[in-house]
Amino acid sequence: MADAESPVSRGAEASLHAVEWLGLPALRKERETKSYRPKNLDERLKRERTRNEVRLLTEARRLGVRTPVIYDIDLPNHRLILEQLPGSTLKELLDAAPSDPMALVAPVRSLGVAIGRLHAGGLSHGDLTSSNVLYPEGPSGPPALLDLSMGARNAGVEEKGIDLHLIEEDLKAIHPKGPALFRSFLDGYGEGNPGGAAEVRKRARDIRGRVRYS
Ligand SMILES: Nc1ncnc2c1ncn2[C@@H]1O[C@H](COP(=O)(O)OP(=O)(O)O)[C@@H](O)[C@H]1O
Ligand SMILES: [Mg+2]
């Protein structure tokens, strides 16, 4: 059991502490106060993002996409207690296997399937980077999605296109075989979202063009 007082992670928005929940390994995710934001706005944003994360974690599970179980919700304090999943993040896999890209094809493809299912069910992730994807059953098993506080329900083609754009950028920034890995992702994506893949892929290309020439 890790020291309950030392954060296991401190990101831009939240800190995570290892805790126990009825004897199970868990993480307490707590939104950080931003002193540059007016206090009322800060409170509202933290509450809304915590609430949004709860909704999306739950709805993604309903679509058959793995997410950490929510053990407890403390909205006034912007805290969630989440199941602590084992395994490596996609970021860790990418960093560890630069010379063996074949080992990354399966995890990247299964991520594509999961994001396809999420999109086909009307959700977007909102912050789809390799740090927000974890493989609890190992790299050959299905991924779990983390950090859904920026996601949308009733997501449109733009939000879905942004998801594809973000993961493409991240794969290319981290791994020399990023372009090939993104093609494997898209292969899985087509399987998960057979009805919508063409339109979302087109939008992702448009977004890429907009970013490049702006
Ligand atoms: N339920 C979980 N189980 C295991 N590790 C987790 C879990 N949630 C988060 N993490 C780890 O903590 C990191 C930060 O968590 P995240 O929810 O993405 O917060 P942030 O908003 O700070 O990015 C993740 O990249 C992952 O490594
Ligand atoms: Mg994150």
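Only the coordinates and a few stated rules stand behind these numbers; no lab work does. In this text the structure is predicted, and so the values were computed from the model without any measurement. With ideal geometry, Cβ positions are generated from the backbone for all residues, glycine too; neighbour counts draw on all protein chains shown.
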Semi-axes in Å, largest first, for the stretch 7-83 (Cα gyration tensor, √(5λ)) are 22, 16, 10
Env charge @ Leu145, Cβ radius under 12 Å, K,R +1 / D,E -1, value -2
Restricted to pairs 8 or more residues apart or on different chains, the lysines in the chain with C-alpha atoms under 30 Å apart form a number of pairs equal to 19
The answer for GluC sites (Glu not before Pro) in the stretch 1-106 that fall in a DSSP coil and have at most 15 neighbouring Cβ atoms within 10 Å is Glu5, Glu32
The FRET efficiency for Asp187 and Asp74, from their Cβ-Cβ distance with R0 = 41 Å and rounded to 0.05, is 0.50
Correct semi-axes for the chain, from √(5λ) of the alpha-carbon gyration tensor and rounded to whole Å with the largest first, are 28, 21, 17
Subtracting the Cα-Cα distance of Lys39 and Met102 from 0.36 nm times their residue separation yields 17.8 nm
The orientation-averaged projected area of the Cα convex hull of the stretch 125-214, in nm², is 6.4 nm²
Log entry: pair-distance distribution for the stretch 33-148, C-alpha pairs binned every 10 Å from zero, whole % per bin is 13, 39, 30, 15, 3
Rounded to the nearest 10, the angle in degrees between the Cα long axis of helix 102-120 and the longest principal axis of the Cα atoms of the chain comes to 80 degrees
One finds the C-alpha centres of the stretch 1-68 and the stretch 98-140 to be spaced, in Å, by 21 Å
